[in-house]
Each structure stands twice: as C-alpha cells, then as structure tokens.
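This report concerns only the one structure given below.
The values are calculated or read from the model by the stated rules, or taken from the named source; none is laboratory data. The model shown is predicted, which means the values in this text are computed figures rather than measured ones. Cβ placement follows ideal geometry from the backbone for every residue including glycine, while neighbour counts extend to all protein chains displayed. The accessibility values were calculated without ligands, DNA or RNA, using every heavy atom of the protein model including side chains. Shrake-Rupley method; radii C 1.70, N 1.55, O 1.52, S 1.80 Å.
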Amino acid sequence: MSEAAVAVAPGVWLVNLPLPFPVGSINVYLLRAPDGFLLFDCGLKTRGCREGLAAALAQVGIEWRRIRQLVISHLHPDHFGLAAEIRGLSGAAVLMHRVEAARMLPAWRDRDAVARHWAWLAEHGVPPADSEEIAQTSHGVAEFIDAVEVDRELEDGDRLPLEEGELEVLWTPGHSPGLISLYLRERRLYFSSDHIIQKITPNIGLYGASAANPLADYLASLTRVRDLEIDLILPSHGRPFNGHREWIAATEEHHRGRCRRMLDAVSSAARTAYEVVGFEWGPHLSPLNERFAVAETLAHMEYMRQQGRVETWRENGLVYWRKA
C-alpha cells in the first residue's frame, strides 16, 4: 500500500506494517475515540514497524500522545511486540483479554521455555536435530518483543467507545486462548485479528500451555461470528474482504477434511503426531512450519479424542495416536 494509513471507514485507518516473517506484514488499526485514538495491535519491536506507525500518525495528523488505548488481540509477537515502546511514547493504557494477560510474563520471561519446548517436540516424535532447531527458531522471536504490563483486562462483551459508535469485545479463542476480535455494530465492521483471514486458515495448535481443546473452541467461535451482520472483515493479514458466512462454511469443511485424513493416517497403525504431519503436509517443512504442523495435528487429534474417534497413550517417552 502506498499510503502509510488507509481510511477504511469514517474514523478508522488500516496501517500495514512489515514483518521479517514469511507472512510478510501485519495490519493494525487506528480508530478515533472521544478522548483521542485507539490502536488495535501494534506490530513487532522492529525499525520497520516503528517507522511505519510513525508515518501513519503523521499522515493522520496526530502525535503519539493522542493514542490513549492500545488494545492487544493476543500474545503472538507480531501483535504486541512494540507495545512497551508505544506506551512509553504515548502513555496509552494497554488492554487485552484476561486469559492473555495472565500468560504475558510466563510466556516471554521464562528461561526454561526452550528446554520445555524441545521436550514437548521430542515426545511427539520430532527427531532430536529437528526439535532443537525448531525450539531455537521459536525462542529467537523473543528479540522482537518486550513484555508489557497490562492496565486493563478485558472480558467478552466489554464496550470500548469510539466517535462512530462502540467496539464490542468478542472473546474468540482457538488460534490463541485469549484472542479477542472487535465488532463495530454501527458500521458492520469486524476487526477479526487472526480469527478470520481471507486466503489462509489460521493455525489452530495444541501446545504444552494451550487450552484443552483449541479446535473445538475455534469452531464454536466461528459459529458465534456467523450470526453477526458484517459488511467488511478487517483482518490482521491480507486485504479487507466480505462474505464471512461463506468463509466460515469453507473453513469448517477444511477442518472436517483434515480430521478425516488424519483419522485415515492412524487407522492402519499407531503413529506419533510427527508421523501424521508427514501424511498431511509431506516432508521438507521449514522449522517454523514443522512446529505449527505438529501443534495443528495435536489439536485435531485431541478434538477427535474427545469425540471418541481416536485414542492416545505414552510408550517409551513418545505419545502415540490410533483410531479408536
């Protein structure tokens, strides 16, 4: 986008910031509020995100101190990495869902996280060399963030006033346990974060510290959003789009198909999650994508386990799955 900030509705600007990851960029949103401005997500602690936000504020014609609230959708680095710097520049209050707020310091100040992550990968069948590379790649993301104290914990149904109406806070877990999206009912705008993205399905993963059944949570969240009247979806990645009900139907079928294929993979023999990844995605994934694939496999397996379709057990330090 040629402009630093693109007006998508009265009092609402989309700001696209560069990321040093394959996804390429993230959309954050600047919204005019009665006492200044609200910023929804903020990008990484990088020069590109910092300069991109500064250019957007200059284009809109405001200073940093006019940002009064910084709402964080969830604790993935590209959504909150720059938050501490922005609060230092603006004095803005930092808001996020209580579930994510509780995970802030444990998630990003844990010196034993790499070792635990390595062990988690290993027990699900990832070879030692791959486990170490994946764990180190994941830990390396820490250089792009600063942990930040949360000023207000949000709950589902909270309201955030704007000049053009009220943002309704929707707790939409799945991609992350405390992910929130925002709905501006007066304008029929849905700020979907990573809950709904036009051309990809968000990663729904089961990790060591995840919710018990993230895929069930995600599908329930989609059902809830289906009932909203939405003219424009404003996602964190990619372009704004419409047709949320068609997107939800296609995504539900995507996950049904993935469950069917994974069930087939464990029908003839018991397998680890890593072995199932080979059936679903094939070989030669990058370290980061291999981590996502193992977690996504586990989310689908646990979803089916709670339906009675598969069973699991531990043997010789490895976790196995088979058709029930």
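List of remarks:
- Karplus (6.51, -1.76, 1.60) ³J(HN,Hα), θ = phi - 60°, over region 6-21, in Hz, Gly and Pro reported as x: 10, 6, 10, 6, x, x, 10, 10, 8, 10, 9, 10, x, 10, x, 10
- The modelled label-to-label distance between Ala55 and Glu252, using points 7 Å beyond Cα along the C-beta direction, is 4.2 nm.
- The residue list Ile145, Val15, Thr201 was ranked by how far each Cα lies along the charge dipole of the chain toward its positive end, using unit charges on Cβ atoms, and Thr201 comes out on top.
- Rounded to the nearest 10 degrees, the inclination of helix 113-123 to the longest alpha-carbon principal axis of the chain is 40 degrees.
- Percent of Cα pairs exceeding the 20 Å cut-off, where the set is region 234-290: 48
- Helix axis angle, 214-226 relative to the chain longest principal axis, alpha carbon, degrees: 40
- Unit charges at the beta carbon, dipole of region 183-304: most positive-side option, Pro287, Ser236, Ala269: Ser236
- Long-range amide H partners of Val150 with built H, under 5 Å: none
- Calculated mean residue ellipticity at 222 nm for the chain: -12000 deg cm²/dmol, from DSSP H runs with n ≥ 4 weighted as -39500 (n - 2.57), summed, divided by the residue count and rounded to 500.
- Per-residue 3J(HN,Hα) values for region 262-272, derived from phi via the Karplus relation 6.51 cos²θ - 1.76 cosθ + 1.60 with θ = phi - 60°, read 5, 5, 4, 5, 10, 7, 8, 7, 6, 9, 7 Hz in sequence order (x marks Gly and Pro).
- Measuring nothing but protein heavy atoms, the accessible surface of region 116-260 at 1.4 Å probe radius is 49 percent carbon and sulfur.
- Rounded accessible area per residue of the chain, 1.4 Å, Å²: 44
- In the chain, the longest principal axis of the Cα atoms and the axis of helix 287-306 are about 70 degrees apart.
- For region 143-258, a/c is not less than 1.5, where a ≥ b ≥ c are the root eigenvalues of the C-alpha gyration tensor, and a/b does not top b/c. That puts it in the oblate class.
- Each principal axis of region 227-324 carries a Cα extent, and these read 52, 31, 19 Å when sorted largest first.
- Three-way shape call for region 144-193 based on the alpha-carbon gyration tensor, with the a/c threshold at 1.5: prolate
- Of the residues Ala295, Ala56, Ala129, the one that moves most in a GNM of the chain with alpha-carbon contacts below 10 Å is Ala129.
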